[in-house]
Amino acid sequence: MTRGKFITIEGQDGAGKTTNIDVMKRYMQAANISFVQSREPGGTPLGESVRELILNSGDERIGNKAELLLMFAARAQHILEVIEPALERGDWVLCDRFTDATYAYQGGGRGMTVSDISELEQYVQGDLRPDLTILLDLPVEIGESRAGQRSAPDRFEQQKLNFKQQVRDHYLARAAAEPKRIKIIDASQSIEAVKASINDAMKEYIGNV
């Protein structure tokens with residue numbers, strides 16, 4: 001059986017991931033691709049518990065090393081329970097965030113070293129990497145404005161602009177280093193323009209499968 005493909009969507013807060021992962025999902029449905037949709041942190045009972053702890057920890061301070069290790073602990077369980085079984089049976093996986101987010105948020109935002117993240121990435125994932133990543137990019141100020149119109153901010157949305165700029169910079173650096181895998185979409189465009197750009201990226205990739 002042909003192994004499935006692993007597709008992820010990434011982006012800063014306010015970039016529109018929730019809306020646009022639905023665009024990707026509808027494209028895959030139209031292409032008759034069997035897939036599993038998931039998210040990080042999350043995707044499993046353990047992962048969802050970690051998500052709640054990391055995003056809504058209240059007054060409890062989570063150290064940077066603890067945050068990084070929690071992310072990879074949740075990811076290890078996610079890979080074991082959801083991602084690898086789906087890929088092995090030939091299904092595709094569509095995931096809201098993966099390890100690129102760790103490089104951006106824990107690396108860029110928190111200042112954790114690339115070497116530490118890379119070592120954990122190899123230990124937890126082995127050779128598993130996304131086949132295609134859609135990166136929704138927009139200026140930090142626009143993302144800040146959009147995110148502020150939603151529900152109460154989580155721990156990451158509460159961070160200062162410098163943190164968020166570092167996150168964006170690290171996302172763009174990863175895209176520059178892996179242009180074949182990571183496709184940048186200008187998320188400051190209109191909703192219809194972003195949708196069209198995502199559909200073009202999906203068409204280009206699926207046409208090559």
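Just to be sure before I move on: is residue 46 among the aliphatic types (A, V, I, L, M), in contact (Cβ under 8 Å) with a residue 24 or more places away in the chain and surrounded by fewer than 19 Cβ atoms within 10 Å (Cβ to Cβ) in the structure I sent?
Values: among the aliphatic types (A, V, I, L, M): yes; in contact (Cβ under 8 Å) with a residue 24 or more places away in the chain: yes; surrounded by fewer than 19 Cβ atoms within 10 Å (Cβ to Cβ): yes.
Judged against the criteria, residue 46 is a match.
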Qualifying residue in the range 118-134 (condition: under 17 Å from the mean Cα position of the chain (by Cα), modelled with pLDDT of 95 or more, closer than 26 Å to residue 14 by Cβ and among the hydrophobic types (A, V, I, L, M, F, W, C)): yes
Output the number of the condition that residue 54 fails; it satisfies all remaining conditions of (1) more than 22 Å from residue 182 (Cα to Cα); (2) assigned to a loop (DSSP other than H, G, I, E, B). (2)
Applying the selection to the range 1-21, what residues are surrounded by fewer than 20 Cβ atoms within 10 Å (Cβ to Cβ) and farther than 23 Å from residue 140 by Cα? 1, 2, 3
Tally time: how many residues in the range 101-127 are surrounded by fewer than 17 Cβ atoms within 10 Å (Cβ to Cβ) and closer than 14 Å to residue 163 by Cβ? 1
Looking only at the range 171-193, filter to residues that are surrounded by 13 or more Cβ atoms within 10 Å (Cβ to Cβ), aliphatic (A, V, I, L, M) and more than 15 Å from residue 100 (Cα to Cα); which one of those is farthest from the chain's Cα centre (by Cα)? 193
Taking the range 174-209 and keeping residues in a helix (DSSP H, G or I) and under 12 Å from residue 137 (Cβ atoms) leaves 174, 175, 176, 194, 197
Consider only pairs whose beta carbons are under 6 Å apart and that are at least six residues apart or on different chains; among these, list those whose first residue lies in the range 1-13 and is modelled with pLDDT under 95 and of a type in the set (A, V, I, L, M, F, W, C) and whose second residue is surrounded by fewer than 24 Cβ atoms within 10 Å (Cβ to Cβ) and assigned to a loop (DSSP other than H, G, I, E, B). 1/90
Can you find a residue that is surrounded by fewer than 19 Cβ atoms within 10 Å (Cβ to Cβ) and either at pLDDT 95 or above or within 14 Å of the chain's Cα centre (by Cα) (or both) anywhere in the range 90-99? yes
Return yes when residue 190 is modelled with pLDDT under 95 and among the hydroxyl-bearing types (Ser, Thr, Tyr) and no when it is not. yes
Can you name the condition, by its number, that residue 158 falls short on among (1) at pLDDT below 80; (2) in contact with a helix residue (DSSP H, G or I) (Cβ under 7 Å, 6 or more places away or on another chain)? (2)
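Considering only residues that are assigned to a loop (DSSP other than H, G, I, E, B) and out of contact with any Gly (no Cβ under 6 Å at 6 or more places or on another chain), look in the range 29-46 and name the one that is nearest to residue 90 (Cα to Cα).
34
The values are calculated or read from the model by the stated rules, or taken from the named source; none is laboratory data. Here the structure is a predicted model, which is why all the values come from computation and not from measurement. All Cβ positions, even for glycine, are placed from backbone atoms using ideal geometry, and neighbour counts span all protein chains on display.
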